[in-house]
Amino acid sequence: MQMKADVAVIGTGVMGSNLARNLARSSGHRVAIYDRDLARAQSVATDFPEAEFIVASSPADLADKLAGPRVAILMVNAGRATDSAIADLTEVFAPGDIIVDGGNSHFQDTIARGRRLEDTSIEFAGVGISGGEVGALLGPSLMIGGSAAAWERLRPLLEPIAARAESASADDSGAVADSESPAVSGAVADPGAACVAHIGTDGAGHFVKMVHNGIEYADMQLIAEAFTLLRDGLGIAPTEIAEVFARWNDTELESYLVEITADVLAHVDAASGRPFVDIVADAAKAKGTGAWTAQAGLDLGVPVPTIAEAVFSRSLSSAVDLRAEGRRLEGPRPHTDAVPGGTVAVTTVPDGDERAARIDEIGRALLLGKVMAYVQGFHEISAGADEHGWEVDLGELASIWRAGCIIRARLLDRIVDAYGTEARAATLLADGYVRDVAGRCQDALRSTVIRAIGRGIPVPGLASTLAYYDGLRTEAGSAALIQAQRDRFGSHTYARKDRPGVFHTLWSGDRSEVEI
């Protein structure tokens, strides 16, 4: 009798094949693989004989090769490919079997797919997988959305393949500067904890993965702006900036993205001999999850401006015709090779102690920007959980992001701490460490943005973060006038500061006020 597989992976591209190899190596389970391109699946089995993959030739053959209750993990493109794969499996799977979508699907699609499968009694789970192709192979961060029963079935399969987070001392602040700044003490998650958790029902796993990616967009944008400020504002060469980022990675700024930024900036293009970053086209692409995060923020009424600006910045970078015309516009230009006819800002580049102080200032601004991106992201997750009835443990979520995923960072230990106490913070803004960073870094963020504006260096991420920060702390801003305008042109009513109720002024009448 042929040996049955314990789990199947459908889709043998880089992510799918790496996840299948991880399952075969780490979980101790036999793995079947299937791809509509049968030759590709057979090639993966040939290239990695140690995995002892069972190759299926069709969905029906796959169902036959799986032990029940069956588990199949889809690693195919989001959208039509996912719907098609689900349809294929629905025809050959039985009640109690589980279909797992491990792609970057929109959480609303995941909710809808689960509902469509309810009549079949086939379980459906949407799993957010972070860590890219390396994480898929060596240990990703896994965010499980689905029923508790599905999670219990998936747990022995997924827990062994997840990344493991090491403990970190919360007393080791590694401050960017100001070594006398107070350390924040508290426990972090258990050392070596598997970075996998059941986030909630239906689309919860894909929702938090979406926001994870939104935070990632913001983080990358802020880092890129810090690089630009160091290069164009201080005249530092990319290879030296790499050393700055490497030093920052030994501080509170420690993160995977800061680490790889140092690596990228130190790389020299072999063909031209120039810094690699200077030969890469200045146009950033996107796959959509950042935009989804911004859209979900709008739908939920949750401000995520740093994330949204990161999305817009990528769009602007790729707007070729628009930028071609824009380069003719007047204004200060930080580059020495400015467009002919443009206004070049002539500014002395600081050196010595002033230069070191400016570098430190940019580092502080970056730190506060990163912290505020997490504040925005966790606010959105809380609002999404309330909207959809998910019981998301924010501390556990922060814990599973500490390894395997793209936004893994020392800062997440602090967030675990913030949500891990008995009196859990209603918002990260109430956490002592977050408030400490704000106190130490808001002046640096303010000065950095002002200098950038004066030099004509675009810093949309840092500038939107500053506006968000100031908007949060402003007791009375511009919203009162906006609501008054809305009542004036559309009878949209308003609340008063001095007494409860909802009111409208009879603007086209005697302008008396009525209570609605």
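The values are calculated or read from the model by the stated rules, or taken from the named source; none is laboratory data. The model shown is predicted, which means the values in this text are computed figures rather than measured ones. Neighbour counts are summed over all protein chains in view; Cβ atoms, including those assigned to glycine, are modelled from backbone coordinates with ideal geometry.
Here is how the numbers come out for the structure above:
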{"read-out": "Scan of region 99-124 for residues that are under 27 Å from the mean Cα position of the chain (by Cα) and among the aliphatic types (A, V, I, L, M), ordered by number", "value": "99, 100, 111, 112"}
{"read-out": "Yes/no for residue 489 being surrounded by 14 or more Cβ atoms within 10 Å (Cβ to Cβ), out of contact with any helix residue (DSSP H, G or I) (no Cβ under 7 Å at 6 or more places or on another chain) and not assigned by TED's automatic domain parsing to the domain that holds residue 379", "value": "no"}
{"read-out": "Region 106-125 - residue that is among the hydrophobic types (A, V, I, L, M, F, W, C) and surrounded by fewer than 23 Cβ atoms within 10 Å (Cβ to Cβ) and, of those, nearest to residue 289 (Cα to Cα)", "value": "111"}
{"read-out": "From 250, 263, residue being in a loop (DSSP other than H, G, I, E, B), acidic (Asp, Glu) and over 13 Å from residue 364 (Cα atoms)", "value": "250"}
{"read-out": "Enumeration of residues in region 68-93 that are at pLDDT below 95 and more than 34 Å from the chain's Cα centre (by Cα)", "value": "68"}
{"read-out": "Qualifying residue in region 42-53 (condition: touching a residue at least 12 places away in the same chain (Cβ under 8 Å), under 29 Å from the mean Cα position of the chain (by Cα) and in the same structural domain as residue 146 (by TED's automatic domain parsing))", "value": "no"}
{"read-out": "Some residue of region 201-220 being in contact with an Asp or Glu (Cβ under 7 Å, 6 or more places away or on another chain) and modelled with pLDDT of 95 or more", "value": "yes"}
{"read-out": "Filter result (in contact with a helix residue (DSSP H, G or I) (Cβ under 7 Å, 6 or more places away or on another chain) and hydrophobic (A, V, I, L, M, F, W, C)) within region 40-64", "value": "44, 48, 51, 53, 54, 55, 56, 60, 63"}
{"read-out": "Checking residue 449 against (1) among the β-branched types (Val, Ile, Thr); (2) assigned to a strand (DSSP E or B); (3) closer than 30 Å to residue 360 by Cβ, the condition it does not meet", "value": "(2)"}
{"read-out": "Residues that are in contact with a helix residue (DSSP H, G or I) (Cβ under 8 Å, 6 or more places away or on another chain) and part of a loop (DSSP other than H, G, I, E, B), drawn from region 465-481", "value": "477"}
{"read-out": "Helices (runs of 4 or more DSSP H) wholly inside region 289-333 that include at least 2 residues being at pLDDT 95 or above, closer than 28 Å to residue 384 by Cβ and small (Gly, Ala, Ser)", "value": "289-300, 305-317"}
{"read-out": "Of residues in region 54-91 being part of a helix (DSSP H, G or I) and among the β-branched types (Val, Ile, Thr), the one farthest from residue 35 (Cα to Cα)", "value": "90"}
{"read-out": "Condition met for residue 271 (assigned to a loop (DSSP other than H, G, I, E, B), surrounded by fewer than 21 Cβ atoms within 10 Å (Cβ to Cβ) and over 21 Å from the mean Cα position of the chain (by Cα))", "value": "yes"}
{"read-out": "Subset of region 74-99 (residues that are closer than 11 Å to residue 8 by Cα and either out of contact with any helix residue (DSSP H, G or I) (no Cβ under 7 Å at 6 or more places or on another chain) or not assigned by TED's automatic domain parsing to the domain that holds residue 120 (or both))", "value": "none"}
{"read-out": "Close pairs from region 351-365: first in the same structural domain as residue 222 (by TED's automatic domain parsing) and acidic (Asp, Glu), partner surrounded by 12 or more Cβ atoms within 10 Å (Cβ to Cβ) and in a loop (DSSP other than H, G, I, E, B), Cβ under 6 Å, at least 6 apart", "value": "360/177"}
{"read-out": "Tally, over region 264-289, of residues that are among the β-branched types (Val, Ile, Thr) and touching a helix residue (DSSP H, G or I) at 6+ places or on another chain (Cβ under 8 Å)", "value": "4"}
{"read-out": "Scope region 388-411; condition buried (at least 21 other Cβ atoms within 10 Å of the Cβ), not hydrophobic (A, V, I, L, M, F, W, C) and not in a loop (DSSP other than H, G, I, E, B); matching residues", "value": "399"}
{"read-out": "Residue match in region 482-505 (condition: in a helix (DSSP H, G or I), under 21 Å from the mean Cα position of the chain (by Cα), farther than 26 Å from residue 250 by Cβ and of a type in the set (A, V, I, L, M))", "value": "no"}
{"read-out": "Among the candidates 452, 484, 480, residue that is more than 29 Å from residue 497 (Cβ to Cβ), at pLDDT 95 or above and not charged (D, E, K, R)", "value": "452"}
{"read-out": "Unique residue being surrounded by 19 or more Cβ atoms within 10 Å (Cβ to Cβ), more than 23 Å from residue 283 (Cα to Cα) and either touching a residue at least 12 places away in the same chain (Cβ under 8 Å) or of a type outside the set (D, E, K, R) (or both) when the list is 252, 225", "value": "252"}
{"read-out": "Complete set of residues in region 359-387 that are buried (at least 19 other Cβ atoms within 10 Å of the Cβ) and hydroxyl-bearing (Ser, Thr, Tyr)", "value": "374"}
